1. Looking only at residues in the stretch 218-239 that are free of Cβ contacts under 8 Å to residues at least 60 places away in the same chain and aliphatic (A, V, I, L, M), which one is farthest from Val171 (Cα to Cα)?
2. Hey, can you tell me all the residues within the stretch 133-147 that are buried (at least 20 other Cβ atoms within 10 Å of the Cβ) and either charged (D, E, K, R) or under 15 Å from Ala211 (Cβ atoms) (or both)?
3. How many residues does the stretch 53-86 contain that are closer than 19 Å to Ile248 by Cβ, touching a Leu at 6+ places or on another chain (Cβ under 8 Å) and not hydrophobic (A, V, I, L, M, F, W, C)?
4. In the stretch 240-253, what residues are touching a residue at least 12 places away in the same chain (Cβ under 8 Å) and over 14 Å from Glu194 (Cα atoms)?
5. Mind checking which pairs have a first residue in the stretch 67-89 that is free of Cβ contacts under 8 Å to residues at least 24 places away in the same chain and a second that is of a type in the set (A, V, I, L, M), Cβ under 7 Å, 6 or more apart or different chains?
6. Restricting attention to the stretch 64-71, does a residue exist that is touching a Lys or Arg at 6+ places or on another chain (Cβ under 7 Å), outside any helix (DSSP H, G or I) and of a type outside the set (Lys, Arg)?
7. For the stretch 72-105, which residues satisfy the criterion of being among the hydrophobic types (A, V, I, L, M, F, W, C) and either within 25 Å of the chain's Cα centre (by Cα) or in a strand (DSSP E or B) (or both)?
8. Does Leu234 satisfy the criteria of being modelled with pLDDT of 95 or more, part of a strand (DSSP E or B), surrounded by 17 or more Cβ atoms within 10 Å (Cβ to Cβ) and of a type outside the set (Phe, Trp, Tyr)?
Amino acid sequence: MASVSALGVGSNLKLGDLLDDLTKAEQGRLTPLTSQQTSYKAKLTAWSVVQSSVQKVQSAAEALSKAQNIATTKVTSTNKAFTATIDAAATAGDYSVEVTQLAQAQSLVSGKFDSKDTPLTTVKSAAEEPRTLVFTQGSGDDQKVMKVSLSDDQTSLTAIRDAVNKQQGGVTASIIQADDNSFHLSFTARDTGEKNAMTISVTGDDELQAAIGYDKTASQNGMEQKVEAKDAELKINNIPITRSSNTITGAPEGLTLNLTATTEDKAEKLTVTKDTAPMKTAVKAFVDAYNSLQTTIDSQTKFTAVDKDSTTQDSSNGDLLGDGTLRGIQTQLRSMLSSSQTGEFGNLASLGLTQDINGRLSIDDAQLDKALNEKPTSVSEFFVGDGEKTGFGVQINKLLTSVLASDGAIKNATNGIDKTLKNLDDKIKTTNVSINSVIERYKKQFTELDKMVNQLTNTGNYLTKQFEAMSS
């Protein structure tokens, strides 16, 4: 078959040029499909941008829906015997704190042994009463018991240490090398406090019991107490307080004290003052995210008018111009900004947050600061409500969570676009097959035409020569 470039050479019909023109004309059938494809891909990208902006507003609204967890106070004192942290329940005030004793964990140490790898006993474990190392901490309902089974080859210091630590329970074991040729086995309670003091017994092996057993009421023990289990003791505003840990919570409510030392000469002063910054930051984060979303929506739905005689739209128009789903989301959000809540502050405007003609929010700092300083609980109630159906933050969070859900408005919109793109892709593939078929048919027809015209030309030239010969 003749090539495209060679078509018409013999016939001088310029069939190659004609085929090129026909090919371009056929490929023009793809133009509206690819244009639609480009448009829908741009819509998909635009929805991705919108979704990102909506997620930021949802995150900010979620923070406001949990405004009761945002601290409204801060620690302003510098203390030596402890550090203090607060949560949202802490109230402003001055407290006198005197630390008289730190909590500590009990530590027991064995006698001296010449080797850490030599068995401590010659007793063989019996099936009816296997060798078991038993640690008992506390009493009554708070009692904790840790049992460690020891085989006959697990009675050296090293083996006992490894077996105890493998339990990952309330007691840890270690080996202390006193000098080049002597070793001690040490047991330490994992947690501080008197309730974690331990008793150690060994069942099924009296020799090992004598070597590492311990009971503070016994006259003789294999272990010696080196560090006594103690509770933390302190006074807050002269009220005696005892805890098993050096982390003191609930005294007073909303405050956590981490004790690091006993007070030196006199009680230290702990000062907690009002702090509106965290709550104001949360409010501002919502306002900024909301305004950013409005800017994104405006950009994606932008419309620029063109001359009435123009046949095309302005190229700066938004990719989601006229999209009903996006406008619906925007309308619902704007409607919620003017919704009313029960309580001291009925709407955003009462907190100093107002909406302008373009749908943007602005903050009256003085009005918001006054509300946060004078009525912080009421501000929190405005955003939180009952935590389920009422509360500005709760309602906005629920709306946007549903919008962003796997079956929400945005996902449904993008699923529709994906489906359309798949259909367009199928149409483009089908059209390409059709175009290639048509062009291939043209090639065959032009090739045959070229051959036929070439043959007729050759025949005409032959007859002309014959007639000329007859005439001469």
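1. Ile239
2. Across the stretch 133-147, the qualifying residue is only Leu133.
3. Going through the stretch 53-86 one residue at a time, the tally reaches 4.
4. Within the stretch 240-253, Thr247, Ile248, Ala251, Pro252, Glu253 meet the criteria.
5. As it stands, the answer is Asn69/Ala88, since those pairs meet every condition given.
6. No, that holds for no residue.
7. Within the stretch 72-105, Val75, Phe82, Ala84, Ile86, Ala88, Val97, Val99 qualify.
8. Criteria met by Leu234.
The values are calculated or read from the model by the stated rules, or taken from the named source; none is laboratory data. Everything numeric in this text was worked out from a predicted model, so none of it was measured. Note: ideal-geometry Cβ built from the backbone for every residue, glycine included; neighbour counts use all protein chains shown.
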